[in-house]
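The structure under discussion appears below in the form of structure tokens.
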Amino acid sequence: MIRKEGIGVSPGVAVAQIVVIDTEEFDIPERHVPVDHAQSEMARLKTAIGVSRDELRDLRKRTAKRIGKEAAGIFDFHLGLLGDKVLFKKFEETVLTGHVTAEYAVATVLRGYAREFLSMPQYLAE
């Protein structure tokens, strides 16, 4: 058995199958799109956010039924990220100014936040 440790984000114990990703970063290639395709990339991003929002709401509902509302609350955080207008604006700026795919823009912006978070003093990061 392999034991993994981390910082808990909600109370309780979870026992389930996990997926371990060997790298710190997902391999999302930097792909550029023609300037005139930027709006279609933004449409793809909006669609993906909408689908993700629906899936998270469904997960929250099923989790609340199976193990309780408190545990299902973790999905509220994720839903909050999907609805964050400042974050969306950064995604949009990256797509429109960098002429990159939506998925690359999201990965780039989130990695930037992760780097900032990891550079904080430890007492703030926890």
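Applying 0.36 nm per residue to the separation of Arg31 and Thr97 and subtracting their alpha-carbon distance, the gain on full extension is 22.4 nm. Take the convex hull of the alpha carbons in segment 35-126; its mean projected area over all directions comes to 7.0 nm². Computed log10 I(q)/I(0) for segment 27-70 at 0.13, 0.14, 0.25 Å⁻¹: -0.49, -0.54, -0.87, from the Debye equation with unit scatterers placed on every C-alpha and solvent omitted.
Rule-based calculations on the coordinates, nothing more; no lab input. Keep in mind it's a predicted model, so treat the numbers as computed, not measured.
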